[in-house]
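The values are calculated or read from the model by the stated rules, or taken from the named source; none is laboratory data. Computed from a predicted structure; not experimentally measured. Because the Cβ atoms are built from the backbone with ideal geometry, glycine has one as well, and the counts that use them run over all protein chains shown. Each accessible area value is taken on the protein alone, full model and side chains, heavy atoms only, with ligands, DNA and RNA left out. Shrake-Rupley method; radii C 1.70, N 1.55, O 1.52, S 1.80 Å.
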Amino acid sequence: MAKRGNGEGCIRQRKDKSWEGIYTCGYDKNGKLKRHSIYGKTRQEVQKKLREVLSSIDTGNYVDPAKLTCDEWFDDWLKRYLMNTKESTRAQYELYLRLYVRPSIGPVKLQKVSFFMVKNIILDCIAEDLSAKTIRNLNGIMHHAFADAIKVRLMKENPAEGQDLPKVQKKKMFFLEGESRAAFCKEIKGKHS
């Protein structure tokens, strides 16, 4: 079996029987190669992940996961992951992120976003007296963005998962009855005739 060349990565089994794929990408400030690891339960899982990372390095789309901020991820997510979403929906997502999410966690490294950071965003929205529906929509947008980050292995857990959200209160409907209804109909008829 031939030896692997530089940039091809390597795979090894760890003492705990899990598998590790190691790859290099760029150099640090001292000129040393930067090594990164990918972990999985099986060799095949790690091989697949390693192929994806090496492919993204080759095509120039690789972003060092440790350095990616929420702002950078949201920009990429809105452009590339929501391509098949209606323009109005994408604009709504962008607005919610700009108004409520980015001020709090925009500059934070994506991998550092915690359950409590998302909880604080929700609590701030409650304090601003936003409607329960708006808060639920906002959490849904964050959940969607973080779920896609998990799919491409930029995060391990979804910090928007399991948040306690305010319940949407159904408004009680009132109906006009008897004389009130007759007076209303008479008033309407007079204005539209």
Test: ILE57 is touching a residue at least 24 places away in the same chain (Cβ under 8 Å), β-branched (Val, Ile, Thr), farther than 23 Å from GLY26 by Cα and assigned to a helix (DSSP H, G or I)
no
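Of everything in region 11-46 that's among the hydroxyl-bearing types (Ser, Thr, Tyr) and open to solvent by 30 Å² or more (accessible area, probe 1.4 Å), which residue is farthest from LYS156 (Cα to Cα)?
TYR27
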Cβ-Cβ below 9 Å, separation at least six or inter-chain, first residue in region 179-192 and of a type in the set (Phe, Trp, Tyr), second open to solvent by 70 Å² or more (accessible area, probe 1.4 Å) and modelled with pLDDT under 80: which pairs?
PHE184/LEU176
Per the list (1) at pLDDT below 95; (2) over 30 Å from LEU50 (Cα atoms), residue check on LYS151 breaks on (2)
Is region 43-62 home to any residue that is touching a strand residue (DSSP E or B) at 6+ places or on another chain (Cβ under 9 Å) and among the small types (Gly, Ala, Ser)?
no
May I ask you to say which residue of PRO166, PRO159 is within 30 Å of GLU52 (Cβ to Cβ), of a type outside the set (Lys, Arg) and not in a helix (DSSP H, G or I)?
PRO159
Test each condition in (1) open to solvent by less than 70 Å² (accessible area, probe 1.4 Å); (2) over 28 Å from CYS125 (Cα atoms); (3) of a type outside the set (Val, Ile, Thr); (4) not in a loop (DSSP other than H, G, I, E, B) for TYR100 and report the one that comes out false.
(2)
Of the residues that sit in region 136-170 and are polar (S, T, N, Q) and within 13 Å of TYR100 (Cα to Cα), which one is surrounded by the most Cβ atoms within 10 Å (Cβ to Cβ)?
ASN139
Quick check on THR59: is it more than 30 Å from LEU130 (Cβ to Cβ), surrounded by 14 or more Cβ atoms within 10 Å (Cβ to Cβ) and polar (S, T, N, Q)?
no
Looking at ALA145, ALA132, ALA91, which is the one that is among the small types (Gly, Ala, Ser) and under 30 Å from GLN47 (Cα atoms)?
ALA145
When you scan region 85-92, do you find a residue that is open to solvent by 90 Å² or more (accessible area, probe 1.4 Å) and either assigned to a loop (DSSP other than H, G, I, E, B) or of a type in the set (Lys, Arg) (or both), even just one?
yes
What residue, of LYS133, LYS49, is among the basic types (Lys, Arg), buried (at least 17 other Cβ atoms within 10 Å of the Cβ) and not in a loop (DSSP other than H, G, I, E, B)?
LYS49
